[in-house]
Amino acid sequence: MPPDHGTPALRTGEFSNGTFGENTIGSDTKANARWSLDFVHDQFACGRRFRVLNIVDDVTRECLAAVPDPSISGRRVARELTDLVRRRGKSGMIVSDHGTGFTSNAILAWAKDKGVVWHYIEPGKPMQNGFCESSNGRMRDELLNEALFLGLAHARSLIAEWVTDYNEVRPHSSLGYITPAAFAAGLTATGSQLRNPGQLRCEPVAHHAPFAYQKRQRIQSLLDEGLVAGHSCLTFPCRTITKTLVSQVIHQKHGIKIISI
C-alpha cells in the first residue's frame, strides 16, 4: 500500500528533506525570501478546541494567512501553501517547528515538488522562529484572549478582521512605524530588494490605535451607557477585557456586577 501522505514522516534527528538548526535572512532581503509557519490554539464558546495556522513573511512582517479550523493536517497545510503560492509566488525558504502538521509526508512531497527549502528549527528553541512567534503573541493578546468565538464562521470573520488591521492599519515599530503592506509596497518600488530597511522609515504624525485598544474603547463606551441607564448587571463576551475593567468599575460605581461569558 502507498504511504499515508498525512502521517508524520520525520522523527528527531531525521531531516533528509529539510535543513535543521538556526537560519538567518541574508543582506539582500526581499518579499517571499522566507516564510514562517506556526500554530496557535484556542477554543469556541462550546468548549471545542481549534487551532489557527499562521503564515508570516519574515521580511515584510505581513501575516500572509491565518487559517482557523478544529483540525489541520499536513495535507491541509500543503493545500493552503499551494493557494498562497498561486496568489503571491513561491517562497525561497519556509521555517517551522517539528509539529506533525509540518513533518508529514504530504509536506515533504509538497516541498520537493515546489522546490522549496523547508527549514526546521532546533527543538526547544522557538526564538529561531521569532517572527511568527511575535505575530502569534500579538494575535493571542489582541484577539484570542479578548474574544469569545461562537463558532468556526465567527472565528474566521474576527480573525480576518484582525489580519487586515495587522497588515494594513497598524504601524509596526520594527518597520519604522509603517504598516507591513506599506513596507512591502516599498520593496516593490525599489526593485523588490532592500538592503537598508531604515531608508523607508518615517515618523508618523499620529499612531493608529492598536486593535485591542480600539476594542477596549468600544467596550468602555458600552459600560458608560450601561451605567447611565442604571443597569445592575452587565455581561461581556471578552475574558481579558472584562478582567481589566472590573476593578475600575467597582471602584468608580458601586452596585454594578460585571459578568464575563
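Across 48, 61, 156, 86, the residue with the most accessible area heads the list, and the full order at a 1.4 Å probe is 86, 48, 156, 61. With R₀ fixed at 22 Å, the C-beta to C-beta distance from residue 122 to residue 174 puts the FRET efficiency at about 0.40. Given a 1.4 Å probe and the protein chains as shown, residue 157 ends up with an accessible area of around 70 Å².
Projected onto their three principal axes, the Cα atoms of the range 60-109 cover extents of 27, 23, 19 Å, largest first. Each principal axis of the Cα cloud of the range 34-139 was evaluated for its coordinate range; sorted largest first, these ranges are 42, 28, 26 Å. Computed from the C-beta positions of residue 90 and residue 112, the FRET efficiency with R₀ = 22 Å rounds to 0.95. Among 127-137, 32-42, the peptide with the highest mean count of other Cβ atoms within 10 Å heads the list, and the full ranking is 32-42, 127-137. In this Cβ point-charge picture (+1 for Lys and Arg, -1 for Asp and Glu), the range 36-153 has a dipole of about 480 debye about its Cα centre.
The values are calculated or read from the model by the stated rules, or taken from the named source; none is laboratory data. The shown structure was predicted, so the numbers you read here are calculated from the model rather than taken from an experiment. Glycine gets a Cβ as well: all are built from the backbone with ideal geometry, and neighbour counts include every protein chain shown. For the accessible areas, the whole protein counts, side chains as well, though only heavy atoms, and no ligand, DNA or RNA atoms are used. Shrake-Rupley method; radii C 1.70, N 1.55, O 1.52, S 1.80 Å.
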